[in-house]
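FYI, it's all coordinate maths here, none of it is from the lab. On a predicted model such as this, the values are computed, not experimentally measured, just so you know. Using ideal geometry, Cβ is built from the backbone for each residue, glycine included, and neighbour counts are taken over all protein chains shown.
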Amino acid sequence: MKLKTFVLVISIVILSGAMARASSTLRYAPMSQELIKSGTRIIDIRTEKEWRETGVVKGALLITFFREDMTYDQEAFLAKLRRHVKPSDKIAIMCRSGNRSAKVGRFLMQKGFTEVINVDGGIKRAKEAGISLDAYQPTAQAPTVAKK
């Protein structure tokens, strides 16, 4: 009887760990009208220079993570982000090509964000797919939200 109980407890522990890892896996999805209309909050982590060059997805929250010299301040980024979204909100992180946003997505999951999507291919693939982009309009406040 003790052996059966022990095996049951070990099985539950193993399954719980596997389920936790499965639910904490960064998801990948391309930018699409469905994603934009789904209520998922789009977070554009590119630099202001990049926003000016390509434009931005309408309604996206614009918060730079990496500076031009590729340095960053994780805690400052988190503080800005948490003013606009909760860790349980569904968010999609995007950059130019998807590489930086994948790193930031994994970081956010480590910080307790549970519904994180990396925009596969970033703004480059979004443009190729015909997603409408608005010209970047800077404001005095940071972070910036692209006008709706």
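Of the numbered conditions (1) surrounded by 15 or more Cβ atoms within 10 Å (Cβ to Cβ); (2) touching a strand residue (DSSP E or B) at 6+ places or on another chain (Cβ under 8 Å); (3) farther than 24 Å from Glu34 by Cα, Pro138 fails exactly one; give the number of that condition.
Just one mismatch for Pro138, condition (1).
Would you mind finding the one in Lys49, Lys86, Lys80 that is closer than 24 Å to Ala129 by Cα and either among the basic types (Lys, Arg) or part of a strand (DSSP E or B) (or both)?
Lys49
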